[in-house]
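The structure appears right after this line, and notes come after that.
The numbers here are math on the coordinates, done by the rules we state, and not lab data. Being a predicted model, the structure only gives us computed values, none of them experimental. Cβ placement follows ideal geometry from the backbone for every residue including glycine, while neighbour counts extend to all protein chains displayed.
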Amino acid sequence: MLAIRLFSYVLILPACLEAARILAVFPFPGPSQYINVVPYLKTLASRGHEVTSINAFPQKKPVKNFRDIPVLEVFKNYNDIIHEFDNPMNIWEENNFVNKFFLGVTRSVLTNKEVQETLLQPGKDHYDLIIVEALRTDAYYGFAAHFNAPIIGISTFGTDYNIDELVGNVSPLSYIPLVTAGLTDRMTFAERVINFLDTSIGWLNYRFFHMPEQEKMYAEHFPLASARVPLSELNRNFSLVLLNQHFSLSFPRPYVPNMIQVGGLHISHKPAPLPKEMEDFIQGAGEQGVIYFSLGSNVKSKDLPDERRELILKTFASLPQRVLWKFEDDQLPGKPANVFISKWFPQPDILAHPKVKLFITHGGLLSTIESIHHGKPVLGLPFFYDQFLNVKRATQAGFGLGLDHKTMTQKEFKETIQRLLKEPRFAETAKQMSDRYRDQPMTPLDTAIWWTEYVLRHKGAYHMRVAGQDLGFFAYHSVDVIGTLLGGALLIIVIITSILWKISKLVGPGSSKKKLKEQ
């Protein structure tokens, strides 16, 4: 059996003709994005490719064929930015805020000393493939033009209109909600109006306010490349986009051939044993089981308002279950005996444990995928961006519920936890979704590696590129055709009306009276 599995693995993942030099750009200060791609990059390195990674979380131990270029500048004012996102904003202000953040990230990469000295100097080095986090950071897509190499994008949250444009994908607004809207694919008329307006506002903000700034940085840091390839052409010429999404995790939708779903790319399929102290605490929970509570890497439990933290503590103290709480301080005043705190938990291994019955989460996509992979129901407390959409999906699918962490009462919090634990349908649905998600011909990581090396083997695989990428807005949406047809129809109506009017003059009552008078 092992021999058959190894043989099939070799068939599924053929080696490239030769090792490639790969530049990966993943500089975001939120660790979850990098956690998602590290196994993928390390696997490429283990297959002989030389990987250079621009990131904010360099490896603590050397990895063969893997070189870090740390961009620690992205952490400047990061906590202030996260807290600022909690302030009420309208859709235009929200887009301005998000674009400002990503402009800062892009600038940090392109002004980094090591990047400038080792990558941006003409003729200094070469790379065969560029891999980037494809999210509002268009200027550093210029590495593809600089090195004359194909480019692959990875989106750790799925896709939106911005990601779609990289490969000419289509997201019908009638049933594909904006990531930040908190809607599902089953929208009412009013929700479709909101989705259309919010998406349109976001697109206009991005196109006319954000992109000009990205174009300035592109021209400044890639002067030779920008003179040869406009950014508007570069960011519509991706060879491949890998999506941290899968239809079994959300809902089915259209993708062009070079948009590949690899949701759960980071998940190990062999859970590791837990540290002894954690394992002993979990085993001591008995039949009641354990609840795991984490707000992810960007939102810190220690920074919750005192009143919210007190509400959570009192709720946990009143439960018969034990609770693992990711808490970023060494001490938690008032911590009850049934709560175990730690600054870090091996989350996938925790969720794989059979005694863990419920995951209370911020609703980040990585956490949502991990909960589905391990078949655990969730209680979502979303804070920002795609978290509202992910919690909405969990509620719609039936493996979770959501609450507003700012307004929930202690009673609501406790009753929702008890409902998720006591009503079997939540755990059963989570198990069903796990079975669907795991039923794939290849693991997400194998899929990502295969398609990456496919792009290398076929020199960019531009044969997968849809023709729509070469069309302007009016031609792409057939506005010119519709306009021509409507104009032609209007012309025909005018001609027919004119002819009928002239005929009526000749044969009408007035013409008969004229003929009688002449007689």
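Here each label is just a point 7 Å from Cα along the line to Cβ, and for residue 479 and residue 256 those points are 1.9 nm apart. Evaluated with a Cβ-only charge set (Lys, Arg +1; Asp, Glu -1), the chain carries a dipole of roughly 1380 debye about its Cα centre, given to the nearest 20. Percent of Cα pairs in the chain per distance bin of 10 Å, from zero to the largest separation: 3, 16, 26, 24, 15, 7, 3, 2, 2, 1, 0, 0.
Taking amide H as placed 1.01 Å from N in the peptide plane, residue 131 has its amide H under 5 Å from the amide H of 23, 24, 25, 152, each at least 5 places away in sequence or on another chain. Applying 1/(1 + (r/R0)^6) with R0 = 45 Å to the Cβ-Cβ distance of residue 492 and residue 204 gives a FRET efficiency near 0.80. Going by neighbour counts of Cβ atoms within 10 Å, the residues 255, 140 line up, fewest first, as 255, 140. For region 304-331 versus region 26-71, the spacing of their alpha-carbon centroids is 34 Å.
Annotation for residue 329 and residue 174: the two label points, set 7 Å from Cα along the Cα-Cβ direction, are 5.3 nm apart. Span-like helix criteria (full DSSP H runs; alpha carbon extent of at least 27 Å along the helix axis; mean Kyte-Doolittle hydropathy of at least -0.5) are satisfied in the chain by 91-110, 479-507.
Considering only 426, 294, 141, and ranking their Cα positions along the charge dipole of the chain that arises from unit charges at the beta-carbon of Lys, Arg, Asp and Glu, the one farthest toward the positive end is 426.
Shape summary: region 116-237 maps onto an equivalent ellipsoid whose semi-axes, from the alpha-carbon gyration tensor, are 33, 14, 10 Å in decreasing order.
Each principal axis of the Cα atoms in region 13-138 has its own extent, and those three values, largest first, are 53, 33, 26 angstrom.
Taking amide H as placed 1.01 Å from N in the peptide plane, the amide H of residue 356 sits under 5 Å from that of 290, each at least 5 places away or on another chain. Taking packing as the residue-averaged number of other Cβ atoms within 10 angstrom, the listed peptides 299-306, 349-356 run from highest to lowest as 349-356, 299-306.
Once both labels are positioned 7 Å from their Cα atoms along Cα-to-Cβ, the gap between residue 87 and residue 422 label points is 4.3 nm. Highest mean packing first, where packing is the average number of other Cβ atoms within 10 Å per residue, the peptides 468-475, 113-120 line up as 113-120, 468-475. Placing a label point 7 Å from the Cα of residue 18 along the Cα-to-Cβ line, the residues of region 446-463 whose backbone N sits under 18 Å from it are 453-461. For a footprinting-style exposure proxy, rank 175, 218 by other Cβ within 10 Å, fewest first. Neighbour counts put them in this order, fewest first: 175, 218.
Length gained on full extension, residue 189 to residue 507, computed as 0.36 nm times the residue gap minus the Cα-Cα distance: 109.3 nm.
Gyration tensor over the Cα atoms of region 145-207: the corresponding equivalent ellipsoid has semi-axes (square roots of 5 times the eigenvalues, largest first) of 27, 12, 9 Å.
Applying D = kT/(6 pi eta Rh) to region 276-438, where Rh is the Kirkwood radius over alpha-carbon pairs, T corresponds to 4 °C and eta to 1.567 mPa s, the Stokes-Einstein value obtained is 83 µm²/s. Computed over the alpha carbons of region 346-393, Rg followed by Dmax gives 10.2, 31 Å. Of the peptides 72-78, 377-383, the ranking by mean beta-carbon count within 10 Å, highest at the top, reads 377-383, 72-78. So for region 407-516, considering every pair of alpha-carbon atoms, how many percent are separated by more than 23 Å? Summing the P(r) tail past 23 Å for region 407-516 gives 74 percent.
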